[in-house]
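Reading through the structure tokens given below for one structure.
The values are calculated or read from the model by the stated rules, or taken from the named source; none is laboratory data. Bear in mind that the values here come from a model prediction, so they are computed numbers and not experimental data. So basically every Cβ, Gly included, is an ideal-geometry build from the backbone, and we count neighbours across all protein chains shown.
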Amino acid sequence: MKWGKAALAVGSAGLLCGMVPAGTALAAPTAPERDKPVVILNGNLDARPGELVDIALDGVGHKAGSHGVTASSPAFHGPVRLRWHSDAYGSGWDALVALPMTDKPGWYRVNVAVGGRVVGHDQIQVVRSQRPSFAVRASDTVARPGERLWAGFDDLYPGETGRDFTVSSRALAKPVRLVHDKTTDFYNPRAFSARPQLPAGVKDGTYAFVLSGPHGVIKSVRLTVRAARPGDPDYRGVTRGPSFYAPGNGPGDGPDAKVRSGGRIGVVWRDRYPDAGEDERLVATSPAFTAPLKLRLDDSKGADGDDPRYIGVARVRTGLRPGSYPVTVVSHHGRVVKTRRLTVTAAPAAHGDAGRPTVTEMGVGAGALALGLTGVGLAVRNRRSTRTPHDA
């Protein structure tokens with residue numbers, strides 16, 4: 001199974017809240033039952049030789065396990081000692097085991113013992129080793145200029161030991177080093193990846209991406225790059241905005257908010273077919289802002305079901321005269337330029353914030369604005385343990 005202890009915590013929370021199955025009568029209070037030992041394996045299905053398996057034992061306290069908690073299996077070189085842990089997910093005994101490269105395909109029983117007595121068991125499914133593989137992928141069959149790609153090398157295979165790998169291509173500004181990501185590739189210690197970005201001005205064509213290691217070139221793959229053309233959905237997209245909202249309320253579909261001089265205002269831009277890489281270079285500019293506003297992709301639950309939207313909060317300059325000020329967003333490599341007017345009111349004597357909605361809109365500008373921005377790194381993933389694997 002590939003899930004963690006959070007699911008068990010949710011189930012336990014339901015019991016603690018007093019939830020019972022429909023039709024079950026509530027019995028008189030009784031003495032609480034002692035926790036039963038529960039063995040939990042993660043990474044144990046479709047596991048390749050060399051991958052990591054997480055072994056956990058819940059329901060056995062620190063004192064009860066003081067005489068030793070161990071796991072044994074024909075899939076391991078020998079017994080594995082579990083260690084006590086306590087974190088945000090709870091407390092219990094666990095260990096991280098690397099499957100030997102010599103394991104054969106099949107199902108292997110895992111026994112967990114406390115003080116020499118087996119208290120629970122589960123199984124590990126081992127599959128065949130796979131030959132090293134290298135891939136470079138875009139979000140579609142062809143890549144767009146400015147798009148951030150994914151490049152990955154998996155060499156979890158007997159005899160492979162190198163760790164210094166790079167990808168080079170005429171389509172990239174410079175070679176990119178592949179590194180092991182302990183969050184996205186937690187169970188595979190020999191998966192290496194990177195997210196190289198194509199320059200916005202890269203020419204159309206089919207490019208070779210060459211993987212090199214400590215002993216020279218390992219493999220080469222090809223990827224086609226082509227800019228959007230008239231008729232492509234992402235050539236101009238389907239855009240709405242910029243629109244304005246009070247930062248405390250969040251972006252919605254209501255009327256635009258106004259803002260007091262020196263206050264803060266939220267800006268939202270929607271696009272059904274955004275340009276590749278736009279989430280790293282979209283900006284709203286205005287003479288009313290203290291600085292150009294970087295718009296980021298809104299990946300919150302509130303954005304579910306909506307066209308992709310990009311948001312940011314700008315600081316409005318102090319001392320502005322009341323009136324309307326243009327706010328401009330340029331997208332799709334300058335093919336789309338939209339301007340909307342933001343209403344600014346006089347600052348109060350003490351302090352100010354966004355007020356009631358109002359809106360005035362002007363036509364779309366004909367020219368493009370030159371923008372230069374650096375990319376922003378991607379977020380990461382679920383919390384993963386940083387324990388050192390126990391070599392079985």
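Mind listing just one residue for me: the one in segment 239-290 that is part of a loop (DSSP other than H, G, I, E, B) and of a type in the set (S, T, N, Q) and, of those, nearest to Arg226 (Cα to Cα)?
Within segment 239-290, the subset part of a loop (DSSP other than H, G, I, E, B) is 246-256, 258, 261-263, 272-277, 281-282, 286-288, 290.
Of the ones still in play, those that are also of a type in the set (S, T, N, Q) are 249, 261, 286, 290.
Values: Asn249: 40, Ser261: 45, Ser286: 32, Thr290: 37 Å.
Result: Ser286.
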Problem - In segment 174-195, residue surrounded by the most Cβ atoms within 10 Å (Cβ to Cβ) [restricted to those that are more than 16 Å from the chain's Cα centre (by Cα) and part of a loop (DSSP other than H, G, I, E, B)] - result: Tyr187
Problem - Close pairs (9 angstrom Cβ cut-off, 6 or more residues apart or separate chains): under 30 Å from Leu57 (Cα atoms) in segment 123-134, part of a strand (DSSP E or B) and charged (D, E, K, R) anywhere - result: Gln123/Arg109; Ile124/Arg109
Problem - Residue count for segment 224-234, restricted to those that are surrounded by 13 or more Cβ atoms within 10 Å (Cβ to Cβ) and without any contact (Cβ under 8 Å) to a residue 24 or more places away in the chain - result: 1
Exercise for the section: Please verify whether segment 269-279 includes one or more residues that are in contact (Cβ under 8 Å) with a residue 40 or more places away in the chain, under 13 Å from Val327 (Cα atoms) and assigned by TED's automatic domain parsing to the domain that holds Lys338. Expected result: yes
Practice task
Identify all residues within segment 49-97 that are under 27 Å from Tyr157 (Cα atoms) and of a type in the set (Gly, Ala, Ser); write none if there are none.
Solution key: Gly50, Ala56, Ala71, Ser72, Ser73, Ala75, Gly78, Ala95
Practice task
Would you check if there is a residue in segment 235-242 being assigned by TED's automatic domain parsing to the domain that holds Arg335, modelled with pLDDT of 95 or more, surrounded by 16 or more Cβ atoms within 10 Å (Cβ to Cβ) and not β-branched (Val, Ile, Thr)?
Solution key: yes
Practice task
Please work out if Ala171 is within 30 Å of Gly277 (Cα to Cα), assigned to a strand (DSSP E or B) and at pLDDT 95 or above.
Solution key: no
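Please work out which residue is nearest to Pro145 (Cα to Cα), limiting yourself to segment 211-234 and to residues that are basic (Lys, Arg) and assigned to a loop (DSSP other than H, G, I, E, B).
Just the residues of segment 211-234 that are basic (Lys, Arg), to begin with: 219, 222, 226, 229.
With the extra rule that they be assigned to a loop (DSSP other than H, G, I, E, B), the set shrinks to 226, 229.
On the way: Arg226: 7, Arg229: 12 Å.
The residue in question is Arg226.
Answer yes or no as to whether Ala208 is part of a loop (DSSP other than H, G, I, E, B) and surrounded by fewer than 19 Cβ atoms within 10 Å (Cβ to Cβ).
Working: part of a loop (DSSP other than H, G, I, E, B): no; surrounded by fewer than 19 Cβ atoms within 10 Å (Cβ to Cβ): yes.
No: the conditions fail for Ala208.
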Handout entry: Sole exception among (1) in the same structural domain as Asp204 (by TED's automatic domain parsing); (2) free of Cβ contacts under 8 Å to residues at least 40 places away in the same chain; (3) of a type outside the set (Gly, Ala, Ser) for Val221, by number
Key = (2)
